[in-house]
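One structure is given below, encoded as structure tokens.
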Amino acid sequence: MTSAYSSTLTLAAGAVLICAVVVLWVTSVRSVLRVVATQGFALGCVAMTVGVHMGDAGLMATAAVVLGVKGLAVPVLIGRAAGGAPDRERRPLVNVPASLVASAALIVVAFAAARGVATFVGATNGALVPVGIATLLVGFLVLVSRRRPIFQMVGLLLVDNGVALVAFLCTAGVPFLIELGVSLDVLLGVVVLMVLAQRLRSEFGDLDLDELRELHD
Amino acid sequence: MTADLLVATTLVGLVAAAAGAAAPERFRARVVSALTAAACACGLAVALDVLRSGRAAVVHTGRLLPLGGLSLALDRFGALFVAISAVVAICAMVFRLGYDGHGFSSRTASCVLPLFVTALLLVPAAASVTTFLFVWELMAVTSLLLVLVDHRRRPEVAVAAQWYAVMTQFGAAALLAGLVLLATHAGGQSFAAIASGSSGMPAWVRGTAFVLVAVGFGSKAGMVPLHVWLPRAHPEAPGPVSALMSAAMVNLGVYGIVRVGDGLLGGGPAWWWLLVMGLGALSALFGSLHAATSTDLKRLLAYSTTDNMGLVLLGVGAAGLFASTGHRSLALVALVAALLHVVFHAMFKGSLFLSASSFQQATGTRDLDRLGGLLRRMPVTGSLFLVGAGAIAALPPLCGFVSEWLLLQALLHGLPSSDPSLAIALPVGVGVLALTGGLTALTFVKAAGIGLLGRPRGTQAAEAGEVPRSMWAGAGVLATLCLVFGVAPSLVVPAVLDAARAVTASRVPGPLVRGWDVGLLGARGVLAPGLLALGLLVAVVLVAGVRSALQRAAVRRTEAWGCGREMQTARMQYTATSFGEPLTRVFEDVLTPAHDLDVSHVAESRYYVEAATFHTSLDDAFERHGYRHAASGLAWWGRLARRVPNGSVHRYLAFGLAALVVVLVVLG
């Protein structure tokens, strides 16, 4: 029983991290959205697994919300924001091989940093905490290294998923209400970025956040 | 009972602030003044009761402030300062009834003024680090807002406020560091815990904390080289506020140094006090020199505040030095002299600042070179200014004489000492005291002679009229106190002695006062101010009598100092600039005067001058050589740092990522 729980959890959490790294690898907007949806689904599976294992109805409800919002609603919304934009991230600030190497380094940092946390969370969950932190760091790397607003949204989503993963593993589930709030916040963030992206396109014709230096004081 | 009154002081102060924000403009000045004066009256009642009975007024509540709540405990030493602030504030509030400064009746100013006064009253009562820092910062922020009142009309106000803001925050940071250092090593943040734990602290902790605290409090007391804000902010503040700042707020710097150095740390090694003495002597000299050469009346008074606080610190330092070398009774006399000078300085400087603000309101200028003949135009205010000037110049029978005499005696009685630090420091102290006394006399001969006597040097001074009654009443109370305390110092000396004993826990027995006379706790020397006053009175009557007896001939009225010329103009009189000019020449290296002479010639011939303009200004040497360089260094650093954030969103995000990774690596 425990080993089934542990291997399911490891599989789902691993899928979350792998999705994050794959985001760095692909450049096409359409495939990135599919990856993000997969990640949301995997995150929902993590929550659901923990919920079933603990017999916690609130956590299961949370898992359902995560599946709905992160696995479905957000990718669809981002896809709509992408609309008629060119379909690729052509010249990222850090190219793909370099960002993959950087993500490897970040994952090492995450595992080194999470040793302390692992000792006071249960064995199975503690071993997976670094995965959450690594997802967060990789998401941050996406934010830093990609120019297109779509990728910025995706990066933000990865950061949020990383935080959520750590939360599910560490505290055996965040209260339902808080997770609901956070998910809605992410949804709102995506909507705001969507509006910003459309404005950018209508103002500048192209979508490149690095053109926005005029805001500099 | 006293604790209730202490609470009442705070509450009435807060009510006054609320009333200032809510009252309609017609009654605002009256309501705010009355309520603030009521708060001060409560404070004065608490202070007098504590001074009389010696029982501390204690208020402690676990709520209201984070980290330990609000904790007040007013002992005799604090009560002395509360009493000073309360008296000055009541007079300033009376003065405020007639005062008409630009923007001073606004809602903001009326709301902030009572808060400032309340903070002034509460600082000496604070009994824990958090409470102290809270009321201290409240005092700093509210006084800053009050300095800023007139900033729309005059840009120099904003500059002055900037200097003040930077210096007061710098001082507060030093205070925070010093007090937190003490609190962590004492294992508790109440002053009682620090006092009981301080003797076991390592020497470096005590030394570092004392230096930090001395820097913080010294900047508030206007100690050179941290004084630069004072001659800017005090003159630009509205009249009552400048009196409160110069007569009440600066005292709290001295309060802090004595409270921490003598009270919480229980005295320290000789080098602490040599440092305080040295900076005090420097402040006294530098302040008096600048005061003697200033031509702006309020700036002159502000520099004179630096000078007087320097003398007080000289006394405080000498007291500490005596204590650390085992001269217990001299230590007590020196501390009493210093505290007495704080009391008297508050009285005469309050009166002088209020009178100077009256002159400013009546003439619209503070420039001595445009004043003149005001004693005839404004006889009451002019006489009050003369009393204050006499007191600050330490003329008997006014109060300044008593404290300076006592300080001089304390320094002189320590002279036959074998201890090398005393043998070097004391003669220097005596010399500084003497030179400062001379320069102060010169300063106020100038201020009174140029401003009050002679003929008006401008139309504004010529058309000036006496100010409303409440204004001279406010200054008048303080001037009267100067005279009363000068004739009968026995009214105030015992209370000051008790205060000094309370803070140093000194066990030297015996009173300083015998009947009307002030003695020296065993050392030889007695001051009999009553006899002195009587003698002076007799001498004045005699001289006047002899003069009127001899002056039988008819009085011939003619132009004085006519030098045979006709048609003299007021511009031919001595001005404040010309009065200070010899001194400026002698101390050219310190005062660094800048002259600017612009002569234009008639077109036909170069030998005929059409017009000549002459402009002279004095710079503050510390400001020019120290602060300007520091400021330009900071600006360079700032420009360098501005290149890092170039506006790219990705770069900002990268900062976030880097910070996150660093935190994870460091904490993990």
Please state which one of B:391, B:434, B:410 is of a type in the set (A, V, I, L, M) and farther than 19 Å from residue B:276 by Cα.
-> B:391
Within region A:139-158, considering residues that are among the β-branched types (Val, Ile, Thr) and at the interface with chain B (Cβ under 10 Å from one of its Cβ atoms), the one farthest from residue A:180 (Cα to Cα) | A:144
Restricting attention to region A:100-127, which residues are at pLDDT below 85 and more than 10 Å from every other protein chain (Cβ to nearest Cβ)?
-> A:118, A:119, A:120, A:121, A:122, A:123, A:124, A:125, A:126, A:127
Go through region B:581-593 and give me each residue that's open to solvent by less than 60 Å² (accessible area, probe 1.4 Å), assigned to a helix (DSSP H, G or I) and either closer than 11 Å to residue B:618 by Cα or at pLDDT below 85 (or both).
-> B:584, B:590, B:591
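Okay, residues lined up against (1) closer than 13 Å to residue B:241 by Cα; (2) at pLDDT 95 or above; (3) outside the structural domain of residue B:360 (by TED's automatic domain parsing); (4) open to solvent by 10 Å² or more (accessible area, probe 1.4 Å):
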{"position": "B:58", "(1), (2), (3), (4)": "no, no, yes, yes"}
{"position": "B:81", "(1), (2), (3), (4)": "no, yes, no, no"}
{"position": "B:84", "(1), (2), (3), (4)": "no, yes, no, no"}
{"position": "B:87", "(1), (2), (3), (4)": "no, yes, no, yes"}
{"position": "B:101", "(1), (2), (3), (4)": "yes, no, no, yes"}
{"position": "B:111", "(1), (2), (3), (4)": "no, no, no, yes"}
{"position": "B:117", "(1), (2), (3), (4)": "yes, yes, no, no"}
{"position": "B:147", "(1), (2), (3), (4)": "yes, no, no, no"}
{"position": "B:154", "(1), (2), (3), (4)": "no, no, no, yes"}
Picking from B:96, B:76, the residue that is surrounded by fewer than 24 Cβ atoms within 10 Å (Cβ to Cβ) and within 24 Å of the chain's Cα centre (by Cα) would be B:76
Of the residues B:310, B:372, B:315, B:287, which single one is outside any helix (DSSP H, G or I) and not basic (Lys, Arg)?
-> B:372
All but one of (1) farther than 17 Å from residue B:236 by Cα; (2) under 19 Å from the mean Cα position of the chain (by Cα) hold for residue B:111, so report the exception by its number.
-> (2)
Picked from region B:516-528 (must be open to solvent by 80 Å² or more (accessible area, probe 1.4 Å) and not in a loop (DSSP other than H, G, I, E, B)), the residue farthest from residue B:54 (Cα to Cα) is B:524
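Return the residue satisfying two criteria in turn: it lies in region B:426-470 and is part of a helix (DSSP H, G or I) and more than 28 Å from the chain's Cα centre (by Cα), and of such residues it is farthest from residue B:568 (Cα to Cα).
Here is the first cut: in region B:426-470, the residues part of a helix (DSSP H, G or I) are B:426-452, B:459-462, B:469-470.
If we keep only those that are more than 28 Å from the chain's Cα centre (by Cα) too, we end up with B:459-460, B:462.
On the way: B:459: 16, B:460: 19, B:462: 16 Å.
Checking each candidate, the answer is B:460.
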Condition broken by residue B:513, with the remaining ones in (1) open to solvent by less than 60 Å² (accessible area, probe 1.4 Å); (2) not assigned by TED's automatic domain parsing to the domain that holds residue B:346 satisfied | (2)
Could you say whether any residue in region B:22-36 is within 15 Å of residue B:122 (Cα to Cα) and in contact (Cβ under 8 Å) with a residue 24 or more places away in the chain?
-> yes
Pick out the one residue from A:65, A:94 that is of a type in the set (Val, Ile, Thr) and more than 20 Å from residue A:191 (Cα to Cα).
-> A:94
For region B:135-156, how many residues meet the condition of being touching a residue at least 24 places away in the same chain (Cβ under 8 Å), in a helix (DSSP H, G or I) and of a type outside the set (S, T, N, Q)?
-> 11
May I ask you to list pairs of residues, at least six apart or on different chains, whose Cβ atoms are under 9 Å apart, with the first in region B:623-650 being more than 24 Å from residue B:224 (Cα to Cα) and among the polar types (S, T, N, Q) and the second being part of a helix (DSSP H, G or I) and open to solvent by less than 50 Å² (accessible area, probe 1.4 Å)?
-> B:648/A:209; B:648/A:210; B:648/A:212; B:648/B:654
Restricting attention to region B:123-134, which residues are more than 18 Å from the chain's Cα centre (by Cα) and in a helix (DSSP H, G or I)?
-> B:125, B:129, B:130, B:131, B:132, B:133, B:134
Looking only at region B:657-668, which residues are open to solvent by 50 Å² or more (accessible area, probe 1.4 Å) and over 22 Å from residue A:152 (Cβ atoms)?
-> B:662, B:663, B:665, B:666, B:667
Please find, among B:661, B:599, the residue that is within 14 Å of chain A (Cβ to nearest Cβ) and among the β-branched types (Val, Ile, Thr).
-> B:661
Do you know which residues across region A:45-99 are open to solvent by less than 60 Å² (accessible area, probe 1.4 Å), modelled with pLDDT of 85 or more and among the polar types (S, T, N, Q)?
-> A:49, A:99
If only one of B:415, B:398 is touching a helix residue (DSSP H, G or I) at 6+ places or on another chain (Cβ under 8 Å), open to solvent by 40 Å² or more (accessible area, probe 1.4 Å), within 30 Å of residue B:273 (Cβ to Cβ) and modelled with pLDDT under 95, which one is it?
-> B:415
Complete set of residues in region B:178-196 that are at pLDDT below 90 and either charged (D, E, K, R) or open to solvent by less than 50 Å² (accessible area, probe 1.4 Å) (or both) = B:188
Out of all the residues in region B:350-360, is one or more touching a helix residue (DSSP H, G or I) at 6+ places or on another chain (Cβ under 9 Å) and surrounded by fewer than 24 Cβ atoms within 10 Å (Cβ to Cβ)?
-> yes
Which of (1) within 17 Å of residue B:240 (Cβ to Cβ); (2) surrounded by fewer than 22 Cβ atoms within 10 Å (Cβ to Cβ) does residue B:24 not meet, given it meets every other one?
-> (1)
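Tell me the residue from B:289, B:275, B:279 that is more than 20 Å from residue B:81 (Cα to Cα), out of contact with any Leu (no Cβ under 9 Å at 6 or more places or on another chain) and open to solvent by 10 Å² or more (accessible area, probe 1.4 Å), please. Break it down stepwise before answering.
Working: B:289 fails: out of contact with any Leu (no Cβ under 9 Å at 6 or more places or on another chain); B:279 fails: out of contact with any Leu (no Cβ under 9 Å at 6 or more places or on another chain).
The unique qualifying residue is B:275.
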Which numbered condition residue B:654 fails, given (1) away from chain A (no Cβ under 12 Å); (2) open to solvent by less than 70 Å² (accessible area, probe 1.4 Å) | (1)
Report whether or not residue B:206 is open to solvent by 10 Å² or more (accessible area, probe 1.4 Å) and within 27 Å of residue B:149 (Cα to Cα).
-> no
Kindly list, by first and then second residue, each pair from a residue in region B:536-550 that is within 18 Å of residue B:395 (Cβ to Cβ) and free of Cβ contacts under 8 Å to residues at least 24 places away in the same chain to a residue that is open to solvent by 80 Å² or more (accessible area, probe 1.4 Å) and part of a helix (DSSP H, G or I), limited to pairs with Cβ atoms under 8 Å and residues at least 6 apart or on different chains.
-> none
Pull up region B:618-651, narrow it to residues that are part of a loop (DSSP other than H, G, I, E, B) and farther than 30 Å from residue B:290 by Cα, then point me to the one that is nearest to the other protein chains (Cβ to nearest Cβ).
-> B:647
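The values are calculated or read from the model by the stated rules, or taken from the named source; none is laboratory data. The structure displayed is predicted, hence computed values, not measured ones. As a convention, Cβ positions derive from the backbone with ideal geometry for all residues, glycine included, and neighbour counts pool all protein chains shown. Calculation scope for accessible area: heavy atoms of the full protein, side chains included, ligands and nucleic acids excluded. Shrake-Rupley method; radii C 1.70, N 1.55, O 1.52, S 1.80 Å.
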